[in-house]
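I have placed the structure first, in the form of structure tokens, so that the comments after it can refer back to it.
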Amino acid sequence: MEKTFVMLKPDAVQRGLVGRITARMEQKGLKLLAVKMLQVDRELAAEHYSEHKGKPFYEELVRFITSGPVIAMVWEGKNAVAVVRRIMGSTDPQEAALGTIRGDYALFTGNNVVHGSDSPASAQREIALFFSAEEIVSYKKTDQRWLYGQQDE
Ligand code: DAT
Ligand code: MG
């Protein structure tokens, strides 16, 4: 089953949105495999956002993501990467549809409350950056056969 990396950004933590954002993934039926709170330092930020190095918003992005604690998570499910991107909504919260996390909880691209991997390859890279293999928990979740019918895991 596909895994994806999700990070609740410093604005989500400071604004008390952790439970409400996490609930969106949970209620969709995704399975939580790992979660931790941490303070991202400049080195980890640079590694995580290496694809954006040199872009005009890069410095502001690194400053923002290192500005307070974040919640890092691994979620699993059928097409988890794409499903989480749809739950998050467009990068610019002004464009994001209502009903998506960014559409409902944010106003400004720089502070868009949540990160989600953009491809299965990015997910693998980002999960490995934030979690050791032992931190990703393998367990049976009882709702899976109701979510996937006969195809459960
Ligand atoms: P996403 O987070 O939707 O994958 P991205 O990977 O293109 O978007 O950019 C990473 C983050 O950088 C994004 O969540 C917010 C910030 N960002 C992107 N484009 C920006 C812009 N034009 N101005 C300011 N911040 C921007
Ligand atoms: Mg991205």
**Fill in**
Exception for ALA46 within (1) in a loop (DSSP other than H, G, I, E, B); (2) away from ligand 1 (no atom under 11 Å from the Cβ) falls at (1)
**Filtered residues of segment 66-91 (kept if more than 16 Å from ligand 2 (Cβ to nearest atom) and either more than 21 Å from GLN124 (Cα to Cα) or of a type in the set (A, V, I, L, M) (or both))** = THR66, SER67, GLY68, PRO69, ILE71, VAL74
**Item:** Candidate set: segment 75-87, residues that are open to solvent by 30 Å² or more (accessible area, probe 1.4 Å) and assigned to a helix (DSSP H, G or I); chosen: the one nearest to ligand 1 (Cβ to nearest atom)
**Value:** ARG85
**Request:** Scan segment 100-126 residue by residue and report those that are under 17 Å from ILE21 (Cα atoms), in a helix (DSSP H, G or I) and within 15 Å of ligand 2 (Cβ to nearest atom).
**Result:** ILE101, ARG102
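Residues checked against (1) open to solvent by less than 50 Å² (accessible area, probe 1.4 Å); (2) more than 11 Å from the chain's Cα centre (by Cα); (3) within 16 Å of ligand 1 (Cβ to nearest atom):
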| position | (1), (2), (3) |
| --- | --- |
| MET1 | no, yes, no |
| PHE5 | yes, no, yes |
| LYS9 | yes, no, yes |
| ALA12 | yes, yes, yes |
| THR22 | yes, no, no |
| GLN39 | no, yes, no |
**Item:** Positions within segment 51-62 being within 11 Å of ligand 1 (Cβ to nearest atom) and either open to solvent by 30 Å² or more (accessible area, probe 1.4 Å) or in contact with a strand residue (DSSP E or B) (Cβ under 8 Å, 6 or more places away or on another chain) (or both), in sequence order
**Value:** GLU51, HIS52, LYS55, PRO56, PHE57, GLU59, GLU60
**Request:** Please tell me if ARG63 is within 16 Å of ligand 2 (Cβ to nearest atom), outside any strand (DSSP E or B), without any contact (Cβ under 8 Å) to a residue 60 or more places away in the chain and among the basic types (Lys, Arg).
**Result:** no
**Complete:** Filtering segment 106-138 for residues that are loosely packed, with under 14 Cβ neighbours inside 10 Å, touching a strand residue (DSSP E or B) at 6+ places or on another chain (Cβ under 8 Å) and not aliphatic (A, V, I, L, M) leaves a count of 1
**Request:** Looking only at segment 88-105, decide whether some residue is in contact (Cβ under 8 Å) with a residue 24 or more places away in the chain, open to solvent by 20 Å² or more (accessible area, probe 1.4 Å) and out of contact with any helix residue (DSSP H, G or I) (no Cβ under 8 Å at 6 or more places or on another chain).
**Result:** no
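The values are calculated or read from the model by the stated rules, or taken from the named source; none is laboratory data. Predicted, not measured: the structure shown is a model, and the values here were computed from it. Neighbour counts run over all protein chains shown; Cβ positions are idealised from the backbone, glycine included. To get the accessible areas, we keep the full protein, side chains included, count just its heavy atoms, and leave off ligands, DNA and RNA. Shrake-Rupley method; radii C 1.70, N 1.55, O 1.52, S 1.80 Å.
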